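The values are calculated or read from the model by the stated rules, or taken from the named source; none is laboratory data. The model shown is predicted, which means the values in this text are computed figures rather than measured ones. Please note: Cβ atoms are built from the backbone with ideal geometry, for glycine as well, and neighbour counts cover all protein chains shown. Just the protein is used for accessible areas: all its heavy atoms, side chains included, with ligands, DNA and RNA removed. Shrake-Rupley method; radii C 1.70, N 1.55, O 1.52, S 1.80 Å.
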Amino acid sequence: MTDQAAPRRRPGRRPGSADTRGQVLAAARKIFAEKGYDKATVRGIAAEAGVDPALVHHYFSSKEGVFVAAMQFPMVPADVLPKIIAGPGEQIGERIVRFLLTMTSAPEAREPIVALMRTAMVNEQAAGMLREFITDAILSRVAQALSIPPIRMEVAFAQMFGVLMMRYIVELEPLASADTEELVEILAPTVQRYLTV
């Protein structure tokens with residue numbers, strides 16, 4: 001009886017498990033949210049995911065590739081905006097404020113947004129990407145639907161961007177721990193004023 005030789009393993013990198021890509025993306029979202037784009041590293045993302053940095057490069061080529069894949073917004077504007085815009089015009093400010101504050105109250109929805117905000121503050125490429133997305137996918141659509149000048153929508157958005165930054169990045173108290181409905185009551189009239197011609 002002759003022994004059969006065990007099949008030889010091909011040389012090279014051991015393939016990742018079926019969910020390795022998902023683990024890397026989850027780790028990347030966490031690292032980008034904590035450190036922003038510039039201070040995040042492929043090595044740090046790999047360590048968080050428990051994989052070799054070469055595997056991160058294999059799936060995404062570069063840190064930028066990981067960032068693009070990881071920064072999935074928690075909603076599709078084309079699906080959400082019609083619901084926000086529909087309804088009485090005198091309540092649009094309230095609907096916008098409530099939607100943004102409710103959406104970002106969930107950590108899994110907030111992390112990609114916070115990461116992108118942090119990164120946009122220090123990286124021109126990320127700022128450009130965020131600017132294009134916000135302008136094309138959100139601001140222009142809402143301004144057109146409400147028949148208002150784009151500057152009014154941009155100012156309303158800037159108000160909410162500042163609130164989210166102070167609430168979740170700077171963690172300014174008592175804003176950071178304030179109840180959503182309390183903030184809606186405070187912010188909605190101001191946002192409404194921006195959107196009323």
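So how many residues does region 135-166 have that are of a type outside the set (A, V, I, L, M), assigned to a helix (DSSP H, G or I) and touching a residue at least 40 places away in the same chain (Cβ under 8 Å)?
The initial filter retains those residues of region 135-166 that are of a type outside the set (A, V, I, L, M), namely 135-136, 140-141, 144, 147, 149-150, 152, 154, 157, 159, 161-162.
Filter once more, so that each one left must be assigned to a helix (DSSP H, G or I): 135-136, 140-141, 144, 150, 152, 154, 157, 159, 161-162.
Filter once more, keeping what is touching a residue at least 40 places away in the same chain (Cβ under 8 Å): 141, 152, 161.
Here the count works out to 3.
Any chance you could count how many residues in region 159-185 are open to solvent by 60 Å² or more (accessible area, probe 1.4 Å), out of contact with any helix residue (DSSP H, G or I) (no Cβ under 7 Å at 6 or more places or on another chain) and under 14 Å from LEU101 (Cα atoms)? Break it down into steps so the answer makes sense when it comes.
Step one: list which residues in region 159-185 are open to solvent by 60 Å² or more (accessible area, probe 1.4 Å), which gives 166, 170-174, 177, 179, 181-182, 185.
Subset that is out of contact with any helix residue (DSSP H, G or I) (no Cβ under 7 Å at 6 or more places or on another chain): 170-171, 173-174, 177, 179, 181-182, 185.
After this cut, where a residue has to be under 14 Å from LEU101 (Cα atoms) as well, the list is 177, 179, 181-182, 185.
Residues flagged as open to solvent by 60 Å² or more (accessible area, probe 1.4 Å), out of contact with any helix residue (DSSP H, G or I) (no Cβ under 7 Å at 6 or more places or on another chain) and under 14 Å from LEU101 (Cα atoms) within region 159-185 amount to 5.
Kindly establish whether ARG110 is open to solvent by 60 Å² or more (accessible area, probe 1.4 Å) and basic (Lys, Arg). Outline the logic, then answer.
Working: open to solvent by 60 Å² or more (accessible area, probe 1.4 Å): no; basic (Lys, Arg): yes.
Answer is no for this residue.
Looking at ALA137, ALA115, ALA127, ALA143, which is the one that is modelled with pLDDT of 90 or more and open to solvent by less than 20 Å² (accessible area, probe 1.4 Å)?
Working: ALA137 fails: modelled with pLDDT of 90 or more; ALA115 fails: modelled with pLDDT of 90 or more; ALA127 fails: modelled with pLDDT of 90 or more.
None of the others qualify; the one that does is ALA143.
If you go through region 89-107, how many residues are buried (at least 20 other Cβ atoms within 10 Å of the Cβ) and either in contact with a Gly (Cβ under 7 Å, 6 or more places away or on another chain) or among the hydroxyl-bearing types (Ser, Thr, Tyr) (or both)?
Of all residues in region 89-107, those buried (at least 20 other Cβ atoms within 10 Å of the Cβ) come to 92-93, 96-97, 100-101, 104.
Now narrow it down to the ones that are either in contact with a Gly (Cβ under 7 Å, 6 or more places away or on another chain) or among the hydroxyl-bearing types (Ser, Thr, Tyr) (or both): 104.
Result for region 89-107: 1.
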